[in-house]
1. Which loop-located GluC sites (Glu not before Pro) does segment 28-112 contain, where loop means any DSSP state but H, G, I, E or B and the Cβ has at most 11 other Cβ atoms within 10 Å?
2. Determine ³J(HN,Hα), in whole Hz, for all residues of segment 55-66 in sequence, where each value follows from phi through the Karplus function 6.51 cos²θ - 1.76 cosθ + 1.60 and θ = phi - 60°; x replaces Gly and Pro.
3. Enumerate by residue number the trypsin sites (Lys or Arg not before Pro) in segment 58-91 meeting two conditions: DSSP loop (anything except H, G, I, E, B), and at most 14 other Cβ atoms within 10 Å of the site's Cβ.
4. May I ask you to list the chymotrypsin sites (Phe, Trp or Tyr not before Pro) in segment 17-98 that are in a DSSP loop and have at most 11 other Cβ atoms within 10 Å of their Cβ?
Amino acid sequence: MGENKYKERRRVNLRADINNIYQYVDTLGIKHGNMGFRYLVALIQIGIETYETSYKISDMYEKVAKIYGTRRSSVERAVRYAIKGTKYMGMTNKEFVMVAIDELIFATLKTN
């Protein structure tokens with residue numbers, strides 16, 4: 001019984017507040033009007049919520065595309081364009097999203 005409480009508490013701690021995600025993406029200098037900004041926030045949020053299960057980036061694109069009523073390729077392109085102007089410019093979309101997820105989870109665990 002104690003083990004279930006630990007797992008539940010850990011799951012809650014891993015869920016980054018949407019404001020933290022917005023703040024993180026905002027510090028990269030991506031303009032809020034850029035669709036890539038919105039898509040990145042959604043990708044990071046999905047990644048954090050499904051952190052303990054392995055998830056393909058293409059499946060994450062598909063989920064975001066459904067949320068915003070667009071195509072998977074449009075999400076991928078907008079994210080690539082958004083990352084292009086940041087310090088993470090040489091990274092692939094997948095690498096960037098995974099780094100963002102790890103940094104946000106680490107920051108959340110560090111404060112708890």
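Quick note: the coordinates plus some simple rules give every number you see, no bench work behind them. Note that the coordinates shown come from a computational prediction; the quantities given were computed from them, not determined experimentally. Reconstructed Cβ throughout: ideal geometry from the backbone, glycine too, with neighbour counts over all protein chains shown.
1. On the way: sites: Glu49, Glu52, Glu62, Glu76, Glu95, Glu103; in loops: Glu52.
In loop regions of segment 28-112 (DSSP not H, G, I, E or B), the sparsely surrounded GluC sites (Glu not before Pro) are Glu52.
2. Result, rounded to whole Hz: 9, 6, 4, 5, 5, 5, 4, 4, 4, 5, 4, 5.
3. Values: sites: Lys63, Lys66, Arg71, Arg72, Arg77, Arg80, Lys84, Lys87; in loops: Arg71, Lys87.
Listed in order of number, the matching sites are Arg71, Lys87.
4. Values: sites: Tyr22, Tyr24, Phe37, Tyr39, Tyr51, Tyr55, Tyr61, Tyr68, Tyr81, Tyr88, Phe96; in loops: Tyr51, Tyr55, Tyr88.
Passing both the DSSP loop test and the Cβ count: no residue.
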